[in-house]
Amino acid sequence: MSSFAIRFKSVVLPESLERIGRHTFSGCSSLESVYVPESVSFIGSGAFYKTPITERRDNEFVTLGGGVLTSCLAPGKDVTVPNDVRIIGENAFSQLFEMKSVTIPEGVVHICDLAFEGCISLERAELPSTLEHIGSRAFVDCQALESIDLPEELRSIGTDAFYGTAKLLQDHSPVVI
């Protein structure tokens, strides 16, 4: 029995594409670059898992062409997302236990599911006015999160986006959207 494998190093996704499903390119061991068009507003979990793109360790942030941040390797307590990012991918900051604050620049329109899951020391997240979507469980179990201002342009907040962030409600008035 013979097997046939498609090996590609680079992918340019069409401008008509809106969503990239879960595990779409997972395990593509030769994939080194992907251009994600501005039309894409959702990237499923593990879409680029076990590819050279997400396993690269040459700088603090792993991004795809088109401004999609897939992971943060920044060891600092105060993290500033690069200015060319427009989508923060699923699990991009997941379980960065030492991070205390994150500043997300103007231009970011989507924070995907589980993006900051388990960042137990995260106290402050500065969100841009351009943010339109916060995914499900995006800030789940960010136990120290005390302050977050939701932008007026925000169109959707996913299920359990702030589950486990009890400090947001302690001695504060309700969050107003």
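Straightening the chain between Lys100 and Asn83 buys 4.2 nm, computed as 0.36 nm per residue apart minus the Cα-Cα spacing.
Compared with the alpha-carbon gap, the fully stretched path from Ser16 to Lys50 is longer by 9.6 nm at 0.36 nm per residue. Would you compute the Debye intensity of segment 51-121 from its alpha-carbon atoms alone, equal scatterers and no solvent, and pass along log10 I(q)/I(0) at q = 0.24 Å⁻¹ to two decimals? With one equal scatterer per Cα and no solvent, log10 I(q)/I(0) is -1.15.
When a 1.4 Å probe is rolled over the protein heavy atoms, the share of accessible surface on the chain that falls to carbon and sulfur comes to 49 percent. To the nearest 10, the accessible area of Arg124 is 90 Å² with a 1.4 Å probe. Computed over the alpha carbons of the chain, Rg followed by Dmax gives 16.7, 66 Å. Rolling a 1.4 Å probe over the protein heavy atoms gives segment 1-130 an accessible area of 52 Å² per residue. Take every Cα pair under 8 Å whose residues are at least 6 apart in sequence, average their separation, divide by the length of the chain, and the relative contact order is 13 percent. Pairs of Lys residues in the chain are counted when their Cα atoms are under 21 angstrom apart and they lie 8 or more places apart or on different chains; the count is 4.
The values are calculated or read from the model by the stated rules, or taken from the named source; none is laboratory data. Just so you know, these numbers come straight off a predicted model, no measurement behind them. Remember, those area values only see protein heavy atoms, side chains included, never the ligands or the DNA or RNA. Shrake-Rupley method; radii C 1.70, N 1.55, O 1.52, S 1.80 Å.
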